[in-house]
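The structure appears right after this line, and notes come after that.
Bear in mind these aren't lab numbers, they're just calculated from the coordinates by the rules spelled out. The shown structure was predicted, so the numbers you read here are calculated from the model rather than taken from an experiment. Backbone-built Cβ (ideal geometry, glycine too); neighbour counts: all protein chains shown.
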Amino acid sequence: MSPDLTKEFLDEIRARISEDDALWLTEHVLHLHYADVAEILDNLTNDEAKYVYFLVEEEDLRAGILMELDEEVRDRFIASLTSKEIADQLENLDSDDAADILGELTKDQIQQVIAEMKDDDAAEDIVDLLNYEDNSAGGLMQKEFFQAHVEWTVRRTIVELRKQAEDVEKVYNIFVVNEYGHLVGVLSLKRLIFANTKTTIEELYQSKNIIKVKTSDSAEEVARIMEKYDLVSIPVVDYQNKLVGRITLDDVVDYIKEEADKDFKMATGISENSDSPSSIIKSSFSRLPWLMIAMIGGTIGAKVISNFEGGLSQLPALAFFIPLITAMGGNVGVQSSAIVVQAIAKGDIAFKRLLPRVGKEATVGLMNGVILSGLIFGIAVFFSTVKLATVVSLSLLTVIVFASVFGTIFPLILNRYKIDPALAIGPFVTTLNDVIGLFIYFSIGMLLF
């Protein structure tokens with residue numbers, strides 16, 4: 001049962017730690033689910049968290065707590081351990097989780113930790129995973145999986161799987177390989193269990209339409225394939241089709257959450273590492289570039305307005321609708337960009353299909369523009385003249401159509417050149433639409449007046 005993390009409960013835990021009351025902590029904290037224990041440790045100091053953590057005797061429980069800790073807390077926790085202590089903790093983790101933690105250390109620290117590991121096979125697996133890019137299938141995979149040779153009988157397979165089970169925490173299916181280690185098929189655990197013990201694996205496994213990924217495939221491609229085929233795990237092969245690992249659904253979900261968080265921050269003008277409370281300077285500098293972009297855009301917008309100063313002096317009412325034009329251009333641009341970025345993330349759109357997408361967004365923008373410009377025409381007539389209302393409505397229509405098209409094209413161009421298209425939702429689109437929207441507004445105003 002999940003505890004209520006009240007201030008009183010946390011204060012009680014801190015008091016018991018200071019009194020070295022291991023019995024109370026074991027009964028009231030360590031009996032909880034490892035995710036709840038991790039949440040408690042997130043709210044303690046590093047020394048307090050270490051005290052509770054090292055009271056845990058079960059290796060699996062320790063591993064679960066460690067991986068459920070908040071990333072920043074875990075990094076601080078790992079940094080406070082010796083190389084020997086880190087090595088001991090890594091040997092309890094799945095290879096992919098151990099590689100993720102080890103990848104945050106310096107090269108010298110990695111070498112020291114690897115040297116301290118007692119399990120040579122585990123150390124070799126971790127080192128192998130560190131050679132892959134983080135956002136690739138190789139970087140996501142784990143080396144623990146069930147495999148059976150095609151010539152084995154069911155009886156021998158069960159015996160071999162019992163040996164492999166020591167390293168494999170979650171069993172989804174069994175990957176079948178030939179004598180060279182090449183992936184030749186997949187076998188469900190259910191079919192193995194109900195088969196005659198003398199039957200060979202060759203008679204049972206599925207060899208057609210094997211869904212697999214290569215170590216070099218992108219994490220986005222892995223997520224797309226697993227979503228399309230509704231998979232909970234997927235085998236990973238190298239360029240020779242040798243089975244080298246598997247990727248499970250929980251790892252893909254974690255990746256998707258991290259990417260969504262990064263894209264959200266990027267779209268709002270904050271770099272991905274800006275949420276650390278430990279450094280005000282770091283947080284400031286992570287946001288400063290985006291604010292500078294907005295400031296430069298605002299300066300250009302001010303310059304555009306100053307160039308039409310003569311027109312404004314003759315018709316001051318034009319200034320009343322400046323906020324409307326800039327706000328609508330920015331909002332429409334962000335809407336179009338967000339839709340395209342979402343489609344890119346799902347793999348549903350490519351640069352080669354640019355014209356149909358632009359045509360659709362331009363049509364939508366035109367329809368919305370006609371409706372909104374008609375509404376603003378009536379409002380402007382009520383407050384001013386028909387001529388000014390015409391300027392505002394025509395400008396709004398033009399700005400909406402332009403913002404729809406620009407908001408569609410810009411993320412596609414960024415994606416074409418391997419730049420994160422989430423940038424398009426942030427200050428770039430809003431700032432450029434502000435500047436161009438002002439130019440359109442005053443240009444139409446000067447032409448009609």
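A few notes on this one:
- Signed unit charges on C-beta, dipole axis of the chain, positive-most listed residue Leu249, Ser384, Asn46: Ser384
- Modelled spin labels at Gln164 and Asp254, positioned 7 Å past Cα toward Cβ, are 2.2 nm from each other.
- Charge dipole of the chain about the Cα centre (unit charges at C-beta), most positive-ward option of Gln206, Gln342, Trp24: Gln342
- When Rg and the Kirkwood Rh are both derived from Cα coordinates, the Rg/Rh ratio for the stretch 7-140 amounts to 1.01.
- Size of electric dipole in the chain: Cβ of Lys, Arg +1 and of Asp, Glu -1, about Cα centre, debye, nearest 20: 3480
- Using alpha-carbon coordinates, inclination of helix 107-116 to the longest axis of the chain, degrees: 20
- Dipole axis of the stretch 280-448 (+1 Lys, Arg; -1 Asp, Glu on Cβ), positive-most option in Leu324, Gly301, Pro356: Pro356
- Bridging of Lys118 to lysines at a Cα separation below 26 Å is possible for Lys50, Lys84, Lys107, Lys143, Lys163, Lys170, once same-chain residues fewer than 8 apart are set aside.
- Potential lengthening between Asp21 and Asn209 on full extension [0.36 nm per residue; Cα-Cα distance subtracted]: 61.9 nm
- Extending 7 Å from the Cα toward the beta-carbon at both Met292 and Leu81 defines two label points whose distance is 3.9 nm.
- P(r) of the stretch 65-196 over all Cα-Cα pairs, binned every 10 Å from zero, in whole percent: 11, 36, 29, 18, 6, 0
- Size of charge dipole - the stretch 7-140 - debye, nearest 20, with Cβ of Lys, Arg +1 and Asp, Glu -1, no other charges: 440
- Straight-distance crosslink candidates among lysines, where the alpha carbon sits under 19 Å from Lys262 and sequence neighbours closer than 8 are dropped: Lys282, Lys346, Lys418
- Translational diffusion of the chain, µm² s⁻¹ [Kirkwood Rh, Cα pairs; Stokes-Einstein; 37 °C; 0.692 mPa s]: 123
- Across all directions, the average flat footprint of the convex hull enclosing the Cα atoms of the stretch 280-448 is 11.4 nm².
- Taking the longest Cα principal axis of the chain as reference, the axis of helix 249-267 is set at about 30 degrees.
- Only Lys, Arg (+1) and Asp, Glu (-1) charged, at Cβ; the stretch 280-448 dipole about Cα centre in debye: 500
- In the chain, helical runs assigned H by DSSP with n ≥ 4 each contribute -39500 (n - 2.57); averaged across all residues and rounded to the nearest 500, the mean residue ellipticity at 222 nm is -20000 deg cm²/dmol.
- The stretch 1-139, relative contact order in percent, only Cα pairs under 8 angstrom and at least six apart counted: 18
- Calculated SAXS-style log₁₀ I(q)/I(0) at q = 0.15, 0.21 Å⁻¹ - the stretch 147-257, Debye, Cα scatterers: -0.66, -1.19
- Between 0 and 90°, nearest 10: helix 354-383 axis offset from the chain longest Cα axis: 50
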